[in-house]
Every structure is written in structure tokens, then in C-alpha cells.
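As C-alpha cells, the structure follows; a few thoughts come after it.
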Amino acid sequence: TLPGEWRHMDRLYSDSIRRDVVENPEILQVRSDDCFVVTYPKSGTTWTLEMTRLVMNYGVTSTKQHNILPFLELKVDKKSRDSTLYDGFSMTEKMESSRLVKSHLPVGALTKDLFTEGCKIIVVARNPKDVAVSFYYFYKSEKESFGDYDGDFHHFLRMFMNGKVLYGDWFTHVLEWWQCCRDNKNILFLKYEDMKKDPRSATARIADYLGYDLNDDVIDKITEHCSFKNMKKAPAIESTVRKGIVGDWKNYFTVAENEAFERIYNEKMKGTGLSFEW
Ligand code: A3P
């Protein structure tokens with residue numbers, strides 16, 4: 001149960017998300033130098049944003065520039081539920097260029113101008129079993145957003161597999177973005193598992209994609225600054241940094257759950273050209 005939950009195009013949203021933005025994507029005025037980081041929740045969004053922010057700041061960690069990462073669709077302060085304190089959409093509108101914007105919105109809820117105005121779009125995806133575990137912990141910890149969710153992991157996994165969680169079905173969300181990346185060659189698609197395996201290349205790919213010519217030392221510095229260990233210590237972001245590994249799902253799924261998941265996964269991913277490591 002989400003406080004004030006509502007649906008649009010078969011997806012679940014909560015009243016902390018601006019409905020007008022989701023229902024009228026065209027009200028977002030994009031700028032050609034915008035950079036959007038779009039993900040399904042719990043896929044390494046904060047990590048990627050931090051890398052991207054530092055790339056845009058040439059590795060200078062202390063600078064205030066680009067420090068604001070408005071969460072496009074959110075409109076309330078989660079603690080007080082006061083919509084005057086945090087409205088990502090209004091903040092985005094007022095932000096100076098170049099903007100770095102985070103969103104979990106599906107392709108269809110973002111303006112088409114995003115794809116025609118030359119904006120940079122970084123899509124990050126993560127294997128859905130680990131996403132389910134991470135999302136479960138998020139539901140448990142974010143009491144203000146999810147009420148007092150008191151189900152166990154197995155209950156949550158059923159909700160997740162039925163697409164009855166915030167932002168809806170993982171498969172629909174990720175496959176729509178994946179298709180979008182195939183149609184628009186100018187989108188950067190990253191996988192969490194690849195970033196874990198070789199974080200330095202992820203930093204270098206982001207820099208290259210955004211057109212920042214950074215030397216090796218700067219790439220190293222950004223990568224190190226964004227390591228799990230360091231991000232876990234950063235007060236502003238530490239709450240989204242939990243375990244940061246590939247394969248934590250093995251500690252949660254029963255054999256039967258895994259088999260059921262694999263059946264759905266194989267069916268939905270077949271022929272898409274997209275696959276994940278577990
Ligand atoms: P876990 O809950 O599996 O640990 P998001 O930012 O999209 O909400 O994603 C959160 C997930 O990314 C969490 O996964 C979190 O631990 C992981 N994460 C955050 N920073 C990370 C980093 N620097 N390296 C690896 N994983 C990181």
C-alpha cells in the first residue's frame with residue numbers, strides 16, 4: 001500500500017509524484033545541454049549520478065555547480081509530506097544549465113523532445129533479482145513513502161513479479177528503455193553489473209559520451225570517489241547505499257521462486273538482445 005497511490009498506463013505511482021508531469025510529458029521544457037539519468041528504481045541511479053556529476057565538474061568534488069540533481073517527478077518532502085519543500089519539476093525548471101536530472105519515469109512519460117533536442121540520456125539497468133531485493137529494503141526503510149510496509153521478502157517478490165510496485169513492472173520499464181536505446185543510437189546504456197566489474201570504464205564511458213576530455217588521473221579520482229566504500233560515507237547519499245554487490249538475491253530467493261522468476265525472465269527477455277549477469 002502506498003499513501004495516495006494512483007495509476008497511469010497500468011503503472012503505480014504515489015502522490016509524491018507529480019501527476020501532471022506524468023500525464024502531460026510535453027510540459028517539460030528540455031534544453032539541448034541537459035543530461036538525464038533514467039533508471040528503474042534501485043538500479044544504481046545514485047552511483048551513476050555521482051559519477052556523472054563529477055565528470056561534469058572535471059573531477060572537482062567540492063564544487064557546488066551541478067550539485068543539484070532534481071528528481072524530476074517528485075513533489076514532496078518525504079519526511080514532512082510538504083509539497084512546498086521539494087518539487088523536483090519546479091526546481092528543474094529553475095536550474096541553470098547544464099542540468100543533470102534524475103528520473104525513474106517510463107519512456108512514454110518523458111517528453112519526446114528529449115530524443116530530438118540533442119539531450120544526453122544515460123540509461124542504467126540492473127539484473128531484476130537484485131533489484132527486487134534492493135527495492136524490498138527500500139520499501140522497508142522508506143516509511144514515509146510506503147506506509148509501514150510489513151510484508152516479508154517473499155510477499156514483496158510476488159508484488160514485484162506482478163508489477164504492483166512503484167513505477168510498475170520491471171520488464172516493461174527496462175525493455176521500453178532498451179528499445180528506445182536501440183532506436184536512438186545517441187543514448188548511453190549502462191548495466192550495473194558491468195559498472196561493478198569495471199567501474200573505471202564506466203566513468204570513462206560517461207566522460208566520453210558527454211564529451212568531456214578528462215585525463216587518466218581525473219578518471220581515476222572520480223572512480224575512486226564513487227566507490228561503494230566512499231559513497232557509503234557520504235552523508236547526503238549514504239541512505240541509498242546498502243550492500244552494493246551482484247548476486248545478493250541468492251540470499252533471499254527460494255529455489256521455487258528462482259525457477260518461477262527464470263521462467264518469466266526467459267519468456268520476456270527472449271529475442272530482445274538484452275541479458276543480465278546474476
Ligand atoms: P543494494 O540495495 O543491492 O545494495 P539506486 O541508487 O538506483 O536507488 O540504487 C541503489 C543500489 O545501488 C543499492 O543496491 C546500493 O547499495 C547500490 N549502490 C549505491 N552506490 C553504489 C556504489 N558506489 N557501488 C555499487 N553499488 C552502489
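Structure above, values below:
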read-out	value
Protein accessible area in the chain, 1.4 Å probe - carbon and sulfur %	50 percent
Cross-link reach list, aspartates and glutamates versus Lys120, counting only Cα pairs under 19 Å and skipping chain neighbours closer than eight places	Glu26, Asp33, Asp34, Glu50, Glu73, Glu93, Glu96, Glu176, Asp183, Asp208, Asp213
Summed side-chain charge close to Asp183 - residues other than Asp183 whose Cβ falls under 15 Å, Lys, Arg +1, Asp, Glu -1	+2
Equivalent-ellipsoid semi-axes of the chain, from the Cα gyration tensor, Å, largest first	27, 23, 20
DSSP H segments from the chain that extend 18 Å or more along their own axis, Cα-based, with Kyte-Doolittle mean of -0.5 or above	128-141, 170-183
Relative contact order (percent, whole number), the stretch 110-197, Cα cutoff 8 Å, 6+ residue spacing	45 percent
Rg to Rh, two decimals, where the stretch 121-250 supplies the alpha carbon set and Rh follows Kirkwood	1.00
Rounded accessible area of Ser62 (nearest 10 Å², 1.4 Å probe)	90 Å²
Of every Cα-Cα pair in the stretch 180-278, the percent that sits beyond 22 Å	50 percent
Accessible surface, the stretch 178-278, averaged per residue in Å² (probe 1.4 Å)	59 Å²
Solvent-accessible heavy-atom area per residue, rounded to whole Å², over the stretch 1-67 at 1.4 Å	41 Å²
When each of Lys129/Lys233; Lys229/Lys250; Lys140/Lys191; Lys75/Lys232 is checked by Cα-Cα distance, pairs over 29 Å	none
Average Cα contact separation per residue, the chain, under 8 Å, 6 or more apart, as relative contact order %	24 percent
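The values are calculated or read from the model by the stated rules, or taken from the named source; none is laboratory data. Given the structure is predicted, the values throughout are model-derived calculations rather than measurements. A quick note on method: Cβ atoms are made from the backbone with ideal geometry, for glycine too, and the neighbour counts reach across all protein chains shown. In case anyone asks, the SASA skips ligands and DNA or RNA and just uses the protein heavy atoms, side chains included. Shrake-Rupley method; radii C 1.70, N 1.55, O 1.52, S 1.80 Å.
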